[in-house]
């Protein structure tokens, strides 16, 4: 991830537009290392009225995940406010935000705050937010940069470089000896790189503040210098090219020319940045989602990352069970097909028996073969014989072989069909696990596995979280033309969407001959535009096992033509007259409705 000085510069710019002149109306310390500030602002409208806004600012200095962004979500405050929170409330309740600044391109933000003290006198305070990994802190100072308090107290026993205690002076220690990329000259830039014999990307992010490894790699990708092993291979022409691209990026930072986006792979966020990461733009396995707000980008990235990480961890046992059962069923199916192929010679044995019954009355014991005319084809045929048996006994032997293979064929025909249905069912469960987004979704999948007899039913009287299927809802999208599209997350939802929500003239979509979600488009009696057909098909492709492919074939048909056989497994349907289209598996641009 690239939560570096550039991403912070983008956040600061957003907050300067939204928070300057606003007042902090509520201060909560929701965790030991996290603040939530409620901020209200007023803006004049063109018609002479006033537009009022409420923003919530999250400031987390968790060592493993320091964060700083605006959100709409509220959080519960503890009953007893910590000391640092009480100090802030004493000084800053209803204070005005006069300025928001980033120190160079450091991961340090300063809030300039104005308020009236108990005597009604005008006062200035400063709130420093340092987002530096394990050294992250929130430090409250007066106008002379003397520390009043901090969310983390750092004594001389902890740090010999800087104490962060009430009464101590505030300063930013330069322990990394990095240069400011916003002010560095071409000569300094080239001199710095040449002085550090190391890989180019490391030379960049270790030499300049605010530059992360992600940004360094992007600079090398843009200049086609990724192949160089180190600064020692950098020619003068290469160095000038790298500086030009570096200068363009820093100019964009100064001019607030940002482009917030998240890189997704299989619906999982893998990277974010405030500059377009062009190395992912043409990569087929990655998708880019653009954002107008860097705060929204950060919220989506970490929130989605957390969801997928938590759900993947909680579903690991179900994935292991499903995958084991699926592999076992596939092996069994392959063996059954091989055995079924061996029964193909049953008809040949039947013909041998009939021909021997007709022509073999004079065959003597000891003969190894018998040649006669096959009256079914008119051709001559040679039949192998058991030399210890006569013609009638050989005929009986072939009829017995025929009957045995016939019984095997009939049994295997049923078994292969059942095994294939089992593979399809387990594949659909595997797909449901891939797209599950909540514990309620996992609860429905666990129930399906239990009811199918794959896992034991819960015997405890206490229900597990997620056992209530009513809480799990299908995905809900709106097409470009305003039609509602629903996507089942699992087989129970697939059945409910297809046979309860959908009416006769609604349209049904599904990946062809592949595990995937049922997708329903509610027509409300209207004709569907081509664009809606395409978007629904893209959703069916994305929420199927074909999502990793560039394109997929999708079947679509009106719901009234969909049937469910008696006794069929959840999610299984049949249809005979359908349309098909080949469509990309990308769903970018289709609006999802959060429910």
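Contact order for region 5-150, expressed relative to its length and based on alpha carbon pairs under 8 Å spaced 6+ residues apart, stands at 21 percent. Going from the residue with the fewest nearby Cβ atoms within 10 Å to the one with the most, 576, 302, 221, 361 rank 576, 361, 221, 302. Once divided by 2.2 N^0.38 Å, the Cα radius of gyration of region 5-150 becomes 1.03.
For the chain, the mean residue ellipticity at 222 nm estimated from helices alone is -11500 deg cm²/dmol, where every DSSP H run of n ≥ 4 contributes -39500 (n - 2.57) and the total is divided by all residues, rounded to the nearest 500.
For region 36-96, list log₁₀ I(q)/I(0) at each q in 0.15, 0.20, 0.23 Å⁻¹, using the Debye formula over Cα point scatterers of equal strength and ignoring solvent, two decimals each. Log-scaled intensity ratios, in q order: -0.63, -0.97, -1.14. Evaluated over the Cα positions of the chain, the convex hull gives a direction-averaged projected area, one quarter of its surface, of 45.3 nm². The angle between the Cα long axis of helix 213-222 and the longest principal axis of the Cα atoms of the chain comes to about 70 degrees, rounded to the nearest 10. Between the helical axis of 294-314 and the longest alpha-carbon principal axis of the chain there is an angle of about 40 degrees. Sorted largest first, the spans of the alpha carbon positions of region 324-430 along the three principal axes are 63, 29, 16 Å.
D by Stokes-Einstein for region 115-186, Kirkwood Rh over Cα pairs, 37 °C, 0.692 mPa s: 233 µm²/s.
Could you sort 278-286, 489-497, 384-392, 472-480 so that the peptide with the highest average Cβ count within 10 Å comes first and the rest follow in order? Before the final figure, lay out each step's value.
Values: 278-286: 12.6, 489-497: 22.9, 384-392: 15.1, 472-480: 17.8.
Descending mean neighbour count gives 489-497, 472-480, 384-392, 278-286.
Listed by Cβ neighbour count within 10 Å, with the fewest neighbours leading, 35, 116 appear as 116, 35.
Each principal axis of the Cα cloud of region 192-241 was taken in turn, and the coordinate range along them, longest first, works out to 25, 23, 17 Å.
Neighbour counts of other Cβ atoms within 10 Å put 276, 318, 219, 157 in the fewest-to-most order 157, 276, 318, 219. The residue 255 and residue 340 beta-carbon pair, evaluated with R₀ = 51 Å, returns a calculated FRET efficiency of approximately 0.15.
When the alpha carbon gyration tensor of region 473-592 is reduced to an equivalent ellipsoid, the three semi-axes, largest first, read 19, 17, 13 Å. Using alpha carbons only, how many degrees (0 to 90, rounded to 10) separate the axis of helix 236-254 from the longest principal axis of the chain? Once rounded, the angle reads 70 degrees.
Where a number appears in this text, it was derived from the coordinates with a stated rule and is not lab data. Remember, predicted model here, so these are calculated numbers, not experimental data. Cβ: placed from backbone, ideal geometry, glycine included. Neighbour counts: every protein chain shown.
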